[in-house]
């Protein structure tokens with residue numbers, strides 16, 4: 001099957017600008033060491049499950065699945081061994097189950113519980129070229145209290161941040177290519193799906209901007225984010241590979257992020273609910289997954305861990321919409337409504353596009 005092509009609409013965003021004091025911390029810190037962080041106990045489900053191919057490496061120059069052709073402004077997907085495939089299981093009763101995997105990293109699998117209790121399967125799986133074992137890549141009794149505290153802090157802080165603007169999809173369907181160009185600083189983007197799941201199919205979603213541009217995208221409590229034959233990537237304008245975070249804390253055991261036939265590059269997905277799941281099938285690129293249950297198959301992934309600046313070190317220096325540009329054809333095709341929440345300054349909403 002061939003690759004599809006499509007137009008990319010452009011949205012230029014220069015909303016709330018956050019400045020950070022020199023030497024300010026970053027979110028996360030401990031978490032930046034890991035490509036997967038499984039937070040759930042074994043009684044809920046396997047914290048990290050992976051079958052077929054690679055973590056901490058991407059040996060394929062192009063996808064083996066049918067998806068959209070990457071646009072010309074996409075940052076190149078790195079090929080080779082990144083050596084950044086380490087995994088953390090933060091619950092003392094957490095476990096992993098791997099089969100037919102090559103894992104490349106510094107420490108391997110760090111378990112809060114014992115190496116025996118966290119090992120639920122390691123069939124035909126190697127760590128740094130040798131068989132994964134208690135003496136090579138499985139580490140029990142690791143002190144992950146700092147990581148747990150950090151995740152708890154993030155779970156409390158991120159939902160309370162003031163949003164800069166809202167993308168509204170009345171039927172939940174994200175049915176257009178879109179490039180979001182960010183300004184320097186942290187931009188908080190909220191999604192409104194009118195109670196539906198968010199569905200991205202056969203499209204490219206690109207985040208771009210200068211060095212120092214960060215994006216936090218909050219998925220609403222009533223929505224799962226589902227993507228198929230689509231790519232979620234960063235552009236080549238300097239934004240970097242660690243600056244885009246999708247966040248959910250939906251309170252149920254659904255697959256809060258479910259991606260199939262997808263290139264992920266420079267974007268992370270954190271589900272800080274108690275029992276939700278992240279599922280990837282046929283995926284390559286560079287990402288980070290944090291969730292109670294992580295289930296992947298047929299993947300080649302390096303780590304792009306989020307380093308979004310800490311909100312509590314920020315000084316708010318400006319509010320307002322400096323630029324929000326979308327082509328009329330894009331607006332007509334996707335029927336998006338754009339809202340900018342500027343707190344005490346009120347709310348701006350573009351008129352609904354013509355039918």
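The values are calculated or read from the model by the stated rules, or taken from the named source; none is laboratory data. Note that this is a predicted model, so its numbers are computed, not measured. FYI the Cβ positions are ideal-geometry reconstructions off the backbone, even for glycines, and counts take in every protein chain you see.
The set of residues from the range 184-200 being surrounded by fewer than 19 Cβ atoms within 10 Å (Cβ to Cβ) and closer than 21 Å to residue 73 by Cβ comprises just one member, 184.
Based on this model, can you work out whether residue 214 counts as modelled with pLDDT of 95 or more, part of a strand (DSSP E or B) and crowded, with 22+ Cβ neighbours inside 10 Å? Criteria not met by residue 214. The condition of being crowded, with 20+ Cβ neighbours inside 10 Å, in a strand (DSSP E or B) and out of contact with any helix residue (DSSP H, G or I) (no Cβ under 8 Å at 6 or more places or on another chain) holds for only one of 245, 241, that being 245.
Entry remark, the range 157-183: residues being over 30 Å from residue 236 (Cα atoms) and surrounded by 14 or more Cβ atoms within 10 Å (Cβ to Cβ) number 1 in total.
Applying a threshold of 9 Å to beta carbon distances and a minimum spacing of six or more residues, or different chains, the list of pairs starting in the range 80-101 at a residue that is at positive phi and in contact (Cβ under 8 Å) with a residue 12 or more places away in the chain and ending at one that is in a loop (DSSP other than H, G, I, E, B) and crowded, with 18+ Cβ neighbours inside 10 Å reads 83/56; 83/104; 83/105; 100/125. For the structure I just gave you, tell me whether residue 266 is within 26 Å of residue 153 (Cβ to Cβ) and in a loop (DSSP other than H, G, I, E, B). Spelling it out, it is not the case that residue 266 is within 26 Å of residue 153 (Cβ to Cβ) and in a loop (DSSP other than H, G, I, E, B). Whether any residue in the range 182-199 is part of a loop (DSSP other than H, G, I, E, B), in contact (Cβ under 8 Å) with a residue 60 or more places away in the chain and farther than 25 Å from residue 301 by Cα is what I want to check. There is at least one residue in the range 182-199 that is part of a loop (DSSP other than H, G, I, E, B), in contact (Cβ under 8 Å) with a residue 60 or more places away in the chain and farther than 25 Å from residue 301 by Cα.
Residues in the range 140-158 that are under 25 Å from residue 208 (Cα atoms) and in contact with a strand residue (DSSP E or B) (Cβ under 7 Å, 6 or more places away or on another chain): 154, 158. Somewhere in the range 27-35, is a residue at pLDDT 95 or above, assigned to a loop (DSSP other than H, G, I, E, B), closer than 21 Å to residue 288 by Cβ and under 20 Å from the mean Cα position of the chain (by Cα)? Checked against the condition, which is being at pLDDT 95 or above, assigned to a loop (DSSP other than H, G, I, E, B), closer than 21 Å to residue 288 by Cβ and under 20 Å from the mean Cα position of the chain (by Cα), the range 27-35 yields at least one hit. For residue 248, the requirement of being at pLDDT below 95, touching a strand residue (DSSP E or B) at 6+ places or on another chain (Cβ under 7 Å) and within 21 Å of residue 161 (Cβ to Cβ) is not met. Of the conditions (1) closer than 30 Å to residue 163 by Cα; (2) at pLDDT 85 or above; (3) part of a loop (DSSP other than H, G, I, E, B), residue 7 clears all except one; give me its number. With (1) closer than 30 Å to residue 163 by Cα; (2) at pLDDT 85 or above; (3) part of a loop (DSSP other than H, G, I, E, B) applied to residue 7, the lone miss is (2).
A search for C-beta distances below 7 Å between a residue of the range 235-259 that is in contact (Cβ under 8 Å) with a residue 24 or more places away in the chain and at positive phi and any residue that is assigned to a loop (DSSP other than H, G, I, E, B) and surrounded by fewer than 22 Cβ atoms within 10 Å (Cβ to Cβ), counting only pairs 6+ apart in sequence or on different chains, returns 238/210; 238/211; 240/211.
Within the set 138, 233, the sole residue that is touching a helix residue (DSSP H, G or I) at 6+ places or on another chain (Cβ under 6 Å) and modelled with pLDDT of 95 or more turns out to be 138.
With a requirement of 3 or more residues that are crowded, with 21+ Cβ neighbours inside 10 Å, the strands (runs of 3 or more DSSP E) lying completely within the range 91-156 that satisfy it span 96-103, 109-111. When each of 55, 75 is tested for being closer than 30 Å to residue 236 by Cβ and crowded, with 24+ Cβ neighbours inside 10 Å, the lone residue that passes is 55.
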